[in-house]
Every structure is written in C-alpha cells, then in structure tokens.
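What follows is a set of notes on a single structure, which appears directly below.
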Amino acid sequence: MSGQLGMWPEGQLYPEGGVGRQSFRASIAREMRYLLAISTDAGLPGKLGQSGVAHSLGVCLIEDWNMARGSKAGKSRTNAGAMPVFVDIKLSAEDRVVFLAWCSSDTDQVEYLQRFADTGYRVGVSWSGEHQSYTVSVTCRDEESPNNGLCMTSFAKSLSQGIALAWFKHNVVSECEWRGFVPPQEELFG
C-alpha cells in the first residue's frame, strides 16, 4: 500500500490525505485486485509463492482498523487474547450448487472484507501447502454480537473463492448466527 498511515482525531486509522472509509476501501481494493490477479499463478516458476500472497493480503490493515474502532475509553475487552471457539459450518449438497452459481457471478470480495471489518470481525488468510488451498478464518471480536469469541474457517482453491465462501457461510448457511454450529464438547476431545 502506498502512502503513510496517519491517525485522525477520532482515533481511526486512515491513509494520510485520505477521506476516511472511502480511502480505506480504495486501499484494500487495490491490494485485493493485485493479490487476486497474482494468486491464479501463485507457486508457478517465476511467480510469487502462495505464502507471499496469503501474508500480504492486508490483514494487518483490517486488524488495525478494527482495533482503532474498538478502543473506546472505558470499554473493557473481555475477549482480548482469548482462544476462539471454532464452529463447524458445512455446505449441504444444495448449498454447494447455490454457492457455485452465486460465486460465478460478479462477487465483490473487497465489500465482504469491509463488511466483516465494519461489524467487528477479524479476517485472516493463510495458504495450506498440505491441502493446496487457502484458509480464510473469520473471528468475531464484537462483545455485543452473539458470535463473540467464535471462529469460522473456509477452505478453497482460490483466494477470491475462499473469501466469497466465508461470506456465503456467514450470511446464507448460518444466517449470521454461529452458536448453533459449535460442536458438542465430546467431539472436541475425541
């Protein structure tokens, strides 16, 4: 990302000379366009490796944005540093058909990342060499959300499909409520 980051009086993080949310969104959009363009050739000779793509996504920028938004005076952060509980949200055969049809349309992954960040979710991306896929993890850090402290993961062969899958699982499959997808305790300790 070009330019220096600066703090505005409200304590929110914006690119210097930017105009708030629109400038932040434009920065993320530029980074995403670049990463999505190179992720199709990632790992090929002479191309950026998958780990480079995954780690340069700009997740730190999203985390900084959430931290700046969440650091209000007098507000305690009871879940800060706590280990999240993973939820198991899977697609049914019908969900897969709907997702693939929807995903083939013109989806806006930058908008999905922005909406997750705006509503108190932290998004992480990594590459799994073992499974040859991207892992997109979404963790809720909003203390007032019913999903607070929960983490949902999605796996896909492309970065753009992984982000779209996380958004689809969040909005369509779970209808934004993850508590019903927490595995029973006996399944956690086989």
Across the stretch 111-155, what is the number of residues that are surrounded by 20 or more Cβ atoms within 10 Å (Cβ to Cβ), touching a helix residue (DSSP H, G or I) at 6+ places or on another chain (Cβ under 9 Å) and among the β-branched types (Val, Ile, Thr)? 4
If a residue has to be under 20 Å from residue 131 (Cα atoms), in a loop (DSSP other than H, G, I, E, B) and under 15 Å from the mean Cα position of the chain (by Cα) to count, how many in the stretch 141-186 make the cut? 1
Just name the residue that is surrounded by the fewest Cβ atoms within 10 Å (Cβ to Cβ) out of those in the stretch 55-110 that are of a type in the set (Asp, Glu) and modelled with pLDDT of 70 or more. 106
Just to be sure I understand the filter: pairs with C-beta atoms under 7 Å, separated by 6 or more residues or on different chains, first member in the stretch 148-172 and hydroxyl-bearing (Ser, Thr, Tyr), second member modelled with pLDDT of 95 or more and assigned to a helix (DSSP H, G or I). Which pairs pass? 154/165; 154/166; 154/169
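The values are calculated or read from the model by the stated rules, or taken from the named source; none is laboratory data. Since this is a predicted model, take the numbers as computed values, not measurements. Neighbour counts are summed over all protein chains in view; Cβ atoms, including those assigned to glycine, are modelled from backbone coordinates with ideal geometry.
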